Amino acid sequence: MVSAAFKEAQSRFTPVTVYSLLACAAQFAVGYILAQIWGRKCSGTDRWVLVWLFYDAIVHITLEGPFVYMSLVGTVATSDNIFAELWKEYGKADERWLHSDPTIVSLELLTVVLDGLLALVLVYAIVKDKHYRHFVQITLCVCELYGGWMTFCPDWLAGSPNLNTDHWLYLWIYLVFFNGVWVVVPGLLLWQSWLSLKRLHLSYQAPKKQK
């Protein structure tokens, strides 16, 4: 039993698995460093927002960008490069990423171009304290949440034929964690924008009430 379980674990945790997880950690580390550099004058909360935004942009541009390219000229499954290997690893959890699923490619094309750009614009808006900060923040968060919904809802409605939930690595790390952060963090940022706009509204109404 132990030997069989060990062999099964080895078959799941390949060198590509380790490299993929390390690549994600490295992307986050770069985002953290950039946030400390660019957010020196920002509040502690906004520096963490910048960490997320830099990480968000890095993932969209450096990881999802190559996915879109491979999917437009062929498929991940037929590609042979370092980015293809990373996506083939994720494809063990969701097969649609291997075969240029039209819905996935359409969403990722919009995500790379629009969400990647919005994340960088929002970085600038926060660092420079621009008036349009929360407009961009709300727009970006809604785009991220909508993208997540449209990524999984069609497959759920079809009975999840492309999702592999038989192993905890694929279910809890690849599917739940790596997709869940793009639900939890945008949700928190929407709440932050809500509170900020509420405070702005109350400060605007206060002088009127005193008259």
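Calculated mean residue ellipticity at 222 nm for the chain: -23500 deg cm²/dmol, from DSSP H runs with n ≥ 4 weighted as -39500 (n - 2.57), summed, divided by the residue count and rounded to 500.
Basic side chains Lys and Arg get +1 at the Cβ, acidic Asp and Glu get -1 at the Cβ, and with that the dipole of the chain about its Cα centre reaches some 1480 debye.
Label-to-label distance, residue 145 versus residue 95, with points set 7 angstrom from Cα along the beta-carbon direction: 3.3 nm. Of the residues 158, 178, 114, the one whose Cα sits farthest towards the positive end of the charge dipole of the range 99-211 is 114 (charges of +1 on Lys and Arg Cβ, -1 on Asp and Glu Cβ, taken about the Cα centre).
Could you give the length gained on full extension between residue 41 and residue 152, defined as 0.36 nm per residue of separation minus the Cα-Cα distance, in nm? Could the numbers behind the result be given before it?
Working: separation 111, 0.36 × 111 = 39.96 nm, distance 3.87 nm.
Contour length minus Cα-Cα distance gives 36.1 nm.
Near the amide H of residue 94, within less than 5 Å, lie the amide hydrogens of 164, all on another chain or at least 5 residues away, with H placed in the peptide plane. Using only alpha-carbon positions in the range 99-211, the gyration tensor eigenvalues give semi-axes of 36, 16, 12 Å once each is multiplied by 5 and square-rooted (largest first). Placing pseudo-labels 7 Å out from each Cα toward the beta carbon at residue 23 and residue 129 gives an inter-label distance of 4.0 nm.
How many times 2.2 N^0.38 Å is the alpha carbon radius of gyration of the range 19-86?
Normalised Rg, Cα atoms only: 1.35.
Relative to the longest principal axis of the Cα atoms of the chain, the long axis of helix 178-210 makes an angle of roughly 10 degrees.
Overall, the ratio between the Cα radius of gyration of the range 69-117 and 2.2 N^0.38 Å, rounded to two decimals, is 1.10. Restricting the calculation to Cα atoms, the range 153-192 yields a radius of gyration followed by a Dmax of 12.5, 37 Å.
Pairs of Cα atoms in the chain fall into 5 Å distance bins, from 0 up to the last occupied one, in shares of 1, 6, 12, 17, 17, 14, 11, 8, 5, 3, 2, 1, 1, 0, 0, 0 percent. The range 169-195 and the range 23-38 have Cα centres lying 18 Å from one another.
Read-outs: derived from the displayed coordinates by stated rules, not from any lab. Everything numeric in this text was worked out from a predicted model, so none of it was measured. Here the Cβ is made from the backbone with ideal geometry for all residues, glycine too, and neighbour counts use every protein chain on show.
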